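The values are calculated or read from the model by the stated rules, or taken from the named source; none is laboratory data. Treat the numbers as computed from the prediction; the structure is a model and nothing was measured. So basically every Cβ, Gly included, is an ideal-geometry build from the backbone, and we count neighbours across all protein chains shown. To get the accessible areas, we keep the full protein, side chains included, count just its heavy atoms, and leave off ligands, DNA and RNA. Shrake-Rupley method; radii C 1.70, N 1.55, O 1.52, S 1.80 Å.
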Amino acid sequence: MEEKKFRLWNMIVAAVVFVIATFTYVSTIEPTASFWDCGEFIASSYKLEVGHPPGNPVFQLIARFFTILAPNHPAIAVNIMSALCSSLTIFFLYLTIVFFAKRILPKREDGSYSTGSAIAIMGSGAIGALAYCFSDTFWFSAVEGEVYAMSSLFTAIVFWAMTKWYEQADTPYANRWILLISFLMGLSIGVHLLNLLTIPCMVFLYYYRMREDKPYTFWEFVKIFLIGVVLVGLIFLVLIPYLPKLAAYFDLFFVNTLHLPVNSGAAFFLVAVLGLCFWGAFRTYAKGKVFWNTAIMCLTAIVIGFSVFSIIIIRSGVKPPTNENQPDNAFSLVRYLSREQYGSAPLIYGHYYGSPYADIEYPSYYALVNGKYEKVQGPAEPKYASSGNMLFPRMWNSLDDKYIQFYESYTEGKGRTVPGAKYKKPTMGANLKFFFDFQLNWMYWRYFMWNFAGRQNDIHSPSPGDVFYGNWESGIGPLDRMRLGDQSDAPDILKNNKGKNHYFLLPLLLGLLGLFFQFDRDKRGCWVIFLLFFMTGIAIVLYLNQNPYQVRERDYAYAGSFYAFAVWIGFGVAALYSWLSSLAKDKSDAIIGAAVSIVCLFVPGIMAAQNWDDHDRSNRATSTEMAKNYLSTAGEQGYLVTHGDNDTFPLWYAQEVEGCRTDVRILNTSLLGTDWHIDQMRYAVNESKPLPLQIPQRQYLYGTNDWVQIYDTRNTVVPISEVVKVFKHPDAKIALEDGSRVDYIVSRKMSVPVDRENVIKYGILPESLKDSIPDQIVLEIPKGRNYITKQELFFIDLLSTYKWDRKLSFLSNGGDINMGIKDYLMYDGYSSHLIPIKNRITNTSIGIVDADDLYDRIMNKMSWEAVSRKGYYVDYQNLYTFLGVLPQREFFYNAANAMLEKKDTVKCEQILDKCISDFPNENFPYESISVGFYNNDLMVIRIIDLYYRIGRPEKAKAIQDVYSEELFETTKFFLEYYDLAQRDFELCSNCLYYLCDTLKINGQKEAADNIMKKFEAMLKEIVG
């Protein structure tokens, strides 16, 4: 096939692959914001606000452009942007595979490819690209408003651009490709840092092209690798942190010495740097210094791309509603980019989880206070004793006792005793066992096998050893049974989980075949692909040094590694073609090439068929509906206290994008430990009025009063306003052992005055409880505590001026806030709010409740349209949210039970009926112990009980029959796996006994006896 014809057909096939990918992703996008970071990303892009560190201004700018094109559907616009970024990634992956495939299939003597070779080359590109297109991890990120789709596109473009330079290196202006790569590298920092990991691969391509006719020695090979690593280090460890830091010190001089406006020095520095770069480029060009000219031009391109982060400072300065870390000046931008609030992990040498402290240091930093920069004390940083340090520390995180217990399961109590340490230092053997078993096997190779062998289900499994959840599973019966046992009798939610995807190892085998074939034919190319595979996979594992019990699966971080393996899947086609054509002695060459390509299409075909149902989000809108229901529980101009990502980001999306309840102020306790989030409470946001806070900024700066001592010498009730007054007083300090003087809380018992009229006027309590309202309430910090957190200090400040005119609502009953507020909460379903009557919500009783208000919320104000839809995939995140974190059936039960206590059986039945219709078993199964939600089963039994109690036995029996069958199925399965599932079996047994007791109480002794007989027969059959 002549070159011109090859190029034509090559672009046709590339276009077809692109269209297939685009159709796939656009057809399966979520029509609104997904859970996790998507709500924040879409909201911050829609209004160009400031998201969480280290920021993504390039993503936001491009996403904003898409929302302009579809102003009425911004979430769809951003999700389509992700879909198009992903399909373009597949397009460039195809071109990349073709580039390398041309190196491993021989040309004819005239320099052209035979028709069969050309078909095989294009078939390799198509099969590899489509395999990645339909892979589990990449498809997941492709259909939501997250940064990973765009980050993958940058990776694909720069790698492809390097192949273009390779092809054109001997032509004039070939270095323009390197300049393009540099610019894209700079821009990619404004999306995600993962793209930098491709640099070593491109350095090898550069040096291979410089010496195509002569091999490199081993030490030259090492030198090239080190050059690539150094370049990554220069960008990641020098340019990204120190360029803004230099700008910050220029700004310090301009603001504090020259008395110029904030950011004037940073702006001058940026202009000066770019001016020097352009001067250097022109100077070296004039002198004919090609290398230095190229180097300076590349640096200039990177700086220009990186300078997009100036948008972060500009937008933060106008105080947008979402303004995380508030990086409105150069110094705060430095902390923003370094992700200070997330901490860091030791990598090569450092402490283990039990290392004793040698000292506590208090680093200083510059903060903008009253228009000037001041050097203030930062958060305490422990310095560990050298005796507690070790090489390659993998077990290091001691923030949670469960982490330590997990580590100890590897050390088994063995190790070296360290003076002053509670736990022994792990042996290197135990350290490496944890690394290989958890960090490498569970947190990387498991994900790799999900993508190329198959997946058991989509249920999150935070630690290895559980044979029921989150494993890889091929679909090859004997192999799967050998690893996971025979689970053919598993409950339906496990056995027929849509996340159960079987590829029968075909993508894996085809990829390994391609890997060996490329190694045999093109060792240089094989090393480049392997380096990409390693740097974007195992190298990330080494860098992240993850602790156990991750809150979600982290496979998205390794998408680049799976991208590299998809290249080898494509080469599997070339390998089969090469071997078959050699056996046929080049006869029927074109037929062999076409046949191999068509047969190998079965691999991405089976991936598409298996993955479509659990990657199709086209009819799902549960996250946004949940957010609106949350907001509906808040009062006018109310406060809504949230705690984590999934109860905050969807609310930000609902407010900022869909304009829902913009009068409600979201207070996130995870962020209230920061000065910037407290600052933002002082000014109006959308329709929400400012909070009347009293404590000055200086007393809650980053690192100041993170923990506040309690110094109560009188054990009396003190007005909360007086507590704040003492705290604010500059002379009111207590001395610590080291001689330092710190602010303190003067009393454990704080009285909050109550405005009775406002309590009724603003709906905090119903009129019927007016006579029960006291003049004040007393919040008491538990005696066992000697300090409060900055978050709790914030609530003391807020309540010191509280007029009971803005409803103060808490999710999860206040979470970790432990200063007496939980003794004064009233149940609202999705939240609870502060009331001036003592009432503690427990698992068995919600106490005082406004039953009529709950009824009105359920029947008129809240919606379950999205969760009740048919034909959408209810993934594990939705099960976890609506059966676990925010148990819907518990809400309906509590509201119905409150109505029954009022003797209103009609409304009680209406609420129960709505629960059955709007939260159907088909989407959210009655029996859910099999996926970890025991409380949901209890609520189902209690709903059955209520139906009997209101005289609706037929409705009770309808649920009872379905639930008992599901429960028996689960009980039997866990009994068969008793050694591995003892706790699960016991929970199932508890529910069976509870169900029988409930039936007996309600006069259904025969039904209860039948259930017990069936249970006893099961025990006899299995146990004997």
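Here is how the numbers come out for the structure above:
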| read-out | value |
| --- | --- |
| Residue satisfying condition, being without any contact (Cβ under 8 Å) to a residue 40 or more places away in the chain, of a type in the set (Gly, Ala, Ser) and either surrounded by fewer than 17 Cβ atoms within 10 Å (Cβ to Cβ) or touching a strand residue (DSSP E or B) at 6+ places or on another chain (Cβ under 8 Å) (or both), within set Ser316, Ser332, Ser264 | Ser264 |
| Residue among Ile476, Ile529 that alone is over 30 Å from Phe35 (Cα atoms), modelled with pLDDT of 95 or more and surrounded by fewer than 16 Cβ atoms within 10 Å (Cβ to Cβ) | Ile476 |
| Residue under evaluation Ala358, criteria (1) among the hydrophobic types (A, V, I, L, M, F, W, C); (2) within 28 Å of Asp738 (Cα to Cα); (3) in a helix (DSSP H, G or I), criterion not met | (3) |
| Hey, Ala15 more than 17 Å from Cys660 (Cα to Cα), surrounded by fewer than 19 Cβ atoms within 10 Å (Cβ to Cβ) and aliphatic (A, V, I, L, M) or not | yes |
| Long-range neighbours under 9 Å by Cβ, at least six apart or interchain, first residue over 17 Å from Ser141 (Cβ atoms) and in contact (Cβ under 8 Å) with a residue 24 or more places away in the chain within the range 595-622, second open to solvent by 60 Å² or more (accessible area, probe 1.4 Å) and basic (Lys, Arg) | Asp613/Lys498; Asn619/Lys870 |
| Selected residue (criterion: nearest to His643 (Cα to Cα)) from residues of the range 879-912 that are assigned to a helix (DSSP H, G or I), open to solvent by 40 Å² or more (accessible area, probe 1.4 Å) and of a type in the set (D, E, K, R) | Glu890 |
| All positions within the range 917-936 that are in a helix (DSSP H, G or I), open to solvent by 50 Å² or more (accessible area, probe 1.4 Å) and under 24 Å from Glu865 (Cβ atoms) | Ser917 |
| Contacts under 6 angstrom Cβ, first residue in the range 672-698 being part of a helix (DSSP H, G or I), partner open to solvent by 10 Å² or more (accessible area, probe 1.4 Å) and polar (S, T, N, Q), 6 or more apart | Trp676/Asn325; Trp676/Gln326 |
| Test set (1) closer than 30 Å to Glu381 by Cα; (2) surrounded by 14 or more Cβ atoms within 10 Å (Cβ to Cβ) - Val717 fails condition number | (1) |
| Among the residues listed as Ser868, Ser831, Ser812, the single one being of a type in the set (S, T, N, Q) and in contact with a Leu (Cβ under 6 Å, 6 or more places away or on another chain) | Ser831 |
| Every residue from the range 975-986 that is open to solvent by less than 70 Å² (accessible area, probe 1.4 Å), within 34 Å of the chain's Cα centre (by Cα) and either without any contact (Cβ under 8 Å) to a residue 40 or more places away in the chain or over 15 Å from Gly932 (Cα atoms) (or both) | Tyr977, Phe985 |
| Where a residue in the range 152-179 is at positive phi and its partner, wherever it lies, is at pLDDT 95 or above and open to solvent by 20 Å² or more (accessible area, probe 1.4 Å), with Cβ under 9 Å and at least six apart | none |
| Residue, farthest from the chain's Cα centre (by Cα), within the range 171-186, restricted to residues that are open to solvent by 40 Å² or more (accessible area, probe 1.4 Å) and within 26 Å of Gly55 (Cα to Cα) | Leu179 |
| Matching option when the condition is within 29 Å of Leu196 (Cβ to Cβ) and not hydroxyl-bearing (Ser, Thr, Tyr), among Val596, Val567 | Val567 |
| Cross-chain or 6+ apart pairs with Cβ under 8 Å, the range 987-1009 first and open to solvent by 20 Å² or more (accessible area, probe 1.4 Å), then of a type in the set (Lys, Arg) | Asn1002/Arg949; Ala1007/Lys957 |
| Any hit, the range 958-968, residues being more than 23 Å from Ser868 (Cβ to Cβ), surrounded by fewer than 17 Cβ atoms within 10 Å (Cβ to Cβ) and not basic (Lys, Arg) | no |
| Unique residue being acidic (Asp, Glu) and crowded, with 23+ Cβ neighbours inside 10 Å when the list is Asp647, Asp614, Asp679 | Asp647 |
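This table checks each residue for (1) crowded, with 17+ Cβ neighbours inside 10 Å; (2) closer than 29 Å to Leu883 by Cβ; (3) within 27 Å of the chain's Cα centre (by Cα); (4) not polar (S, T, N, Q).
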site	(1), (2), (3), (4)
Tyr549	no, yes, yes, yes
Phe565	yes, no, yes, yes
Ala594	yes, no, no, yes
Ile598	no, no, no, yes
Val603	yes, no, no, yes
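One line per residue, one yes/no per condition, for (1) closer than 30 Å to Gly871 by Cα; (2) among the acidic types (Asp, Glu); (3) within 19 Å of the chain's Cα centre (by Cα); (4) part of a loop (DSSP other than H, G, I, E, B):
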| site | (1), (2), (3), (4) |
| --- | --- |
| Phe23 | yes, no, no, no |
| Gly39 | yes, no, yes, no |
| Gly55 | no, no, yes, yes |
| Gln60 | no, no, yes, no |
| Val78 | yes, no, yes, no |
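Residues are listed down the side, and each one gets a yes or a no for (1) modelled with pLDDT of 95 or more; (2) farther than 17 Å from Val849 by Cβ; (3) open to solvent by 40 Å² or more (accessible area, probe 1.4 Å); (4) in contact with a strand residue (DSSP E or B) (Cβ under 6 Å, 6 or more places away or on another chain):
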{"residue": "Val778", "(1), (2), (3), (4)": "yes, yes, yes, yes"}
{"residue": "Arg785", "(1), (2), (3), (4)": "no, yes, yes, no"}
{"residue": "Leu798", "(1), (2), (3), (4)": "yes, yes, no, no"}
{"residue": "Tyr802", "(1), (2), (3), (4)": "yes, yes, no, no"}
{"residue": "Ser809", "(1), (2), (3), (4)": "yes, no, no, yes"}
{"residue": "Asn813", "(1), (2), (3), (4)": "no, no, yes, yes"}
